[in-house]
There are 2 protein chains.
Amino acid sequence: MRRVQKQSRIPIYAQLQEIITEMIDNEELQAHDSIPTEHEFCAFHDISRMTVRTAIMTLVNEGVLYREQGKGTFVAPKKPNYQLSGLKGLTAVMEELGYDVQTKIQSFAHVVCSKKIAHIIGIPVGQKAIRIQRLRFVDKEAYALETVWIDPEQYPNLTESTVEATSLYDIFRDTYGLIPAYTRQIVTPVRLNDVEKEFFALMDEPLGLMFERTTYTEDDKVIEYTKSVYRVDKHQFEMYLQI
Amino acid sequence: MRRVQKQSRIPIYAQLQEIITEMIDNEELQAHDSIPTEHEFCAFHDISRMTVRTAIMTLVNEGVLYREQGKGTFVAPKKPNYQLSGLKGLTAVMEELGYDVQTKIQSFAHVVCSKKIAHIIGIPVGQKAIRIQRLRFVDKEAYALETVWIDPEQYPNLTESTVEATSLYDIFRDTYGLIPAYTRQIVTPVRLNDVEKEFFALMDEPLGLMFERTTYTEDDKVIEYTKSVYRVDKHQFEMYLQI
C-alpha cells in the first residue's frame, strides 16, 4: 500500500480514498474482499481514526465499498452501467439487463408549476399541469425519485391508475400518438436531502445525479419534462457518443 | 415568497434553496437582481442566519447566485450549455460558441499507471504510459482539470511541446492517423478537493462532475483514456439523445 503524503495540499482522507481505489483497480483488493481495518489504516499511515472513517464512508457512499454490520467493510462488485445513449428509458435498459424494475406512483395531481416548467411543457403560466411523482426500484431496491410534468390538454382522461399500470412512454405513444424522438437532458451533481437519503437508505452525505429531461416528438413537440434524482452507489452512468 | 415548513422532513436550508430557485424560475428575481438580505430571509421565515447562509452558499456554489464583495448577492445569468452529444471535445464546442479557450499543460510524464488504466489503453501491466495533465480555461477562467493516459508505442516521438501547441484530437488524427469515431463516458458527481477548489477559486464545499472518457477509432482501437473534473457553477452539461 502506498503511503499518504502529509505535506501534500490534497487532504489526507482524499489521498487515502485514492489509495484504496488504486488497490481495487490494481486487483490487490478484489470484489467481496475485506479491506484493512480502521486500526490498520491508522497505524500504517499514522493518521487519525476520523480521517480513515471519512475516506471509508465516502467510498461506501460511492458504492466502491460496502459494510456488513459486525463483519467489516468489503470491496463492492463492479457497478452495472446505465447506458444513457438512445432514448430508451432507464427502466427499459435495466429490464433488458435482466433486472426486476418496479415503479410506485407517489402522487398524481393537477398543480400550478413554475413559469420555467410552464414554458417548457407549453402551458400558459398559472394554468395547472399534471405532476406525477414516481419512485423507481431495481430488484426491490430504491434507485430513483422522479417528478414528471405534462400538459393536461395533451393527455385528456389520463388517470393515476393508467399511469400505475403502464410505462409513461407507452401511454404517450399508444394512447395519445405522441412518439418520443429525442431528449435533451441536463445532468447536475446534487447532495441528497434527508427525504432522498431515507428513500435510498443511505447515511452520511451521499451525492447523487439529477437529470432534467425534456422529451420531444420528431416535429419538436414537447411530450414531457422530468426531473429525476438517482443514487450513484449502485450503478454507473455511461454515455455512448458518436460523431 | 413561499414560507419554509418547519415541520417538514426536508431541511430548512434545502427548502429555502428551493424557494429562491422558484423565485428565479418564476422571474420574480431576474439575472443580476439582488436577492433579499440574509436579515430579511431570517425575519421573514423566522430561521437562523446560519441556515440562510447555507442555502445561499449552496446556490452560489451551483452558480445560481453570485456574490460581489461589499455589494451583496445577485442572481447569476443563465448558464451556457455544454453539449455532450457528438464527439467534439468541449473545447471545440466552447470555441464555436465564441469563447476563448486556453489549455495549459501542467505535466507530461511517462508513469506506471494502475492495472485498470493499463487494461483500458491496452499496455502490459507495469509498463509506463504517457500521462498528460492539463488545465483548461474559458475566457481566462479555470473550468476543467484533465488527466489523459495514452500508450507510448502508439504515439512515438510525442513531446510536451507538440501537446502544448495543438489539440490532442488533432495530433491523434493528423500525426498518427488515429481518427476518433466514438467515446464512452462515465459521469460521476464529486466533491471538489482542496487543489481543485483552489484551481477553480471556489469556496466551501462545491460539487463537480467527473467524466471518465475512453475514445475509440471506428475499428474499436482505444485512442486515449481521460479523467476530467469540471466545475458546475458556470456551465450546464446537456446531452442530446436520439433513438
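Among the listed residues A:Thr183, A:Thr188, identify the single one that is within 7 Å of another protein chain (Cβ to nearest Cβ), closer than 30 Å to A:Glu62 by Cβ, assigned to a strand (DSSP E or B) and open to solvent by 10 Å² or more (accessible area, probe 1.4 Å). Residue meeting the stated conditions: A:Thr188. Looking only at residues of segment B:191-204 that are free of Cβ contacts under 8 Å to residues at least 40 places away in the same chain and either in a strand (DSSP E or B) or touching a strand residue (DSSP E or B) at 6+ places or on another chain (Cβ under 6 Å) (or both), we find that the one that is farthest from the other protein chains (Cβ to nearest Cβ) is B:Leu192. Number of residues in segment A:193-216 that are open to solvent by less than 10 Å² (accessible area, probe 1.4 Å) and not aromatic (Phe, Trp, Tyr) equals 4. Based on what the data block shows, is B:Tyr82 under 30 Å from B:Gly63 (Cα atoms) and open to solvent by less than 30 Å² (accessible area, probe 1.4 Å)? So B:Tyr82 fits the description; yes.
Taken over segment B:34-49, the criterion of being open to solvent by less than 70 Å² (accessible area, probe 1.4 Å) and of a type in the set (Asp, Glu) is satisfied by B:Glu38 alone. One residue stands out in segment B:164-180 among those that are open to solvent by less than 30 Å² (accessible area, probe 1.4 Å) and touching a strand residue (DSSP E or B) at 6+ places or on another chain (Cβ under 6 Å): the one that is nearest to the other protein chains (Cβ to nearest Cβ), namely B:Pro180. Looking at segment B:4-26, I want the residues that are more than 9 Å from chain A (Cβ to nearest Cβ) and have a partner that is surrounded by fewer than 18 Cβ atoms within 10 Å (Cβ to Cβ) and acidic (Asp, Glu) with Cβ atoms under 9 Å, at least 6 apart or on another chain. Which pairs are those? From segment B:4-26, the pairs are B:Val4/B:Asp46; B:Lys6/B:Asp46. Checking each residue in segment B:217-237 for being within 9 Å of chain A (Cβ to nearest Cβ) and either basic (Lys, Arg) or open to solvent by 20 Å² or more (accessible area, probe 1.4 Å) (or both) picks out only B:Gln236.
Among the residues of segment B:141-180 satisfying the criterion of being among the charged types (D, E, K, R) and under 30 Å from A:Glu62 (Cβ atoms), which is nearest to the chain's Cα centre (by Cα)?
Of everything passing the filter in segment B:141-180, B:Glu146 is nearest to the chain's Cα centre (by Cα).
Residues considered: B:Ala76, B:Ala31. Of these, the only one that is hydrophobic (A, V, I, L, M, F, W, C), touching a strand residue (DSSP E or B) at 6+ places or on another chain (Cβ under 8 Å), loosely packed, with under 13 Cβ neighbours inside 10 Å and touching a residue at least 24 places away in the same chain (Cβ under 8 Å) is B:Ala31.
When A:Gly122 is tested against (1) more than 10 Å from chain B (Cβ to nearest Cβ); (2) open to solvent by less than 30 Å² (accessible area, probe 1.4 Å); (3) among the small types (Gly, Ala, Ser), just one condition goes unmet, and that condition is (2).
Taken as a whole, the condition of being over 17 Å from the mean Cα position of the chain (by Cα), within 22 Å of A:Lys197 (Cα to Cα) and either in contact (Cβ under 8 Å) with a residue 60 or more places away in the chain or open to solvent by less than 60 Å² (accessible area, probe 1.4 Å) (or both) applies to A:Ser107.
Run down B:Glu95, B:Glu160 and say which single residue is more than 21 Å from B:Thr217 (Cβ to Cβ), touching a strand residue (DSSP E or B) at 6+ places or on another chain (Cβ under 7 Å) and without any contact (Cβ under 8 Å) to a residue 40 or more places away in the chain.
B:Glu95
Each row is one residue, and each column tells you yes or no for (1) assigned by TED's automatic domain parsing to the domain that holds B:Phe200; (2) of a type in the set (A, V, I, L, M, F, W, C); (3) modelled with pLDDT of 95 or more; (4) in contact with a Lys or Arg (Cβ under 7 Å, 6 or more places away or on another chain).
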site: B:Val125; (1), (2), (3), (4): yes, yes, no, yes
site: B:Ile132; (1), (2), (3), (4): yes, yes, yes, no
site: B:Asp139; (1), (2), (3), (4): yes, no, no, no
site: B:Leu145; (1), (2), (3), (4): yes, yes, no, no
site: B:Trp149; (1), (2), (3), (4): yes, yes, yes, yes
site: B:Tyr155; (1), (2), (3), (4): yes, no, yes, no
site: B:Glu164; (1), (2), (3), (4): yes, no, no, no
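Each row is one residue, and each column tells you yes or no for (1) part of a helix (DSSP H, G or I); (2) over 16 Å from B:Gln236 (Cα atoms); (3) polar (S, T, N, Q).
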residue: B:Val4; (1), (2), (3): no, yes, no
residue: B:Ile10; (1), (2), (3): no, yes, no
residue: B:Glu28; (1), (2), (3): no, yes, no
residue: B:His39; (1), (2), (3): yes, yes, no
residue: B:Met50; (1), (2), (3): yes, yes, no
residue: B:Gly63; (1), (2), (3): no, no, no
residue: B:Phe74; (1), (2), (3): no, yes, no
residue: B:Lys79; (1), (2), (3): no, no, no
residue: B:Tyr82; (1), (2), (3): no, no, no
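So which residues in segment A:125-160 are among the basic types (Lys, Arg), more than 22 Å from A:Thr183 (Cα to Cα) and either open to solvent by less than 20 Å² (accessible area, probe 1.4 Å) or in a strand (DSSP E or B) (or both), if there are any at all?
Answer for segment A:125-160, where residues must be among the basic types (Lys, Arg), more than 22 Å from A:Thr183 (Cα to Cα) and either open to solvent by less than 20 Å² (accessible area, probe 1.4 Å) or in a strand (DSSP E or B) (or both): just A:Lys128.
The values are calculated or read from the model by the stated rules, or taken from the named source; none is laboratory data. What you see is a predicted model, and the numbers here were worked out from it, not measured in a lab. Virtual Cβ from ideal backbone geometry, glycine too; neighbours counted across all protein chains shown. For the accessible areas, the whole protein counts, side chains as well, though only heavy atoms, and no ligand, DNA or RNA atoms are used. Shrake-Rupley method; radii C 1.70, N 1.55, O 1.52, S 1.80 Å.
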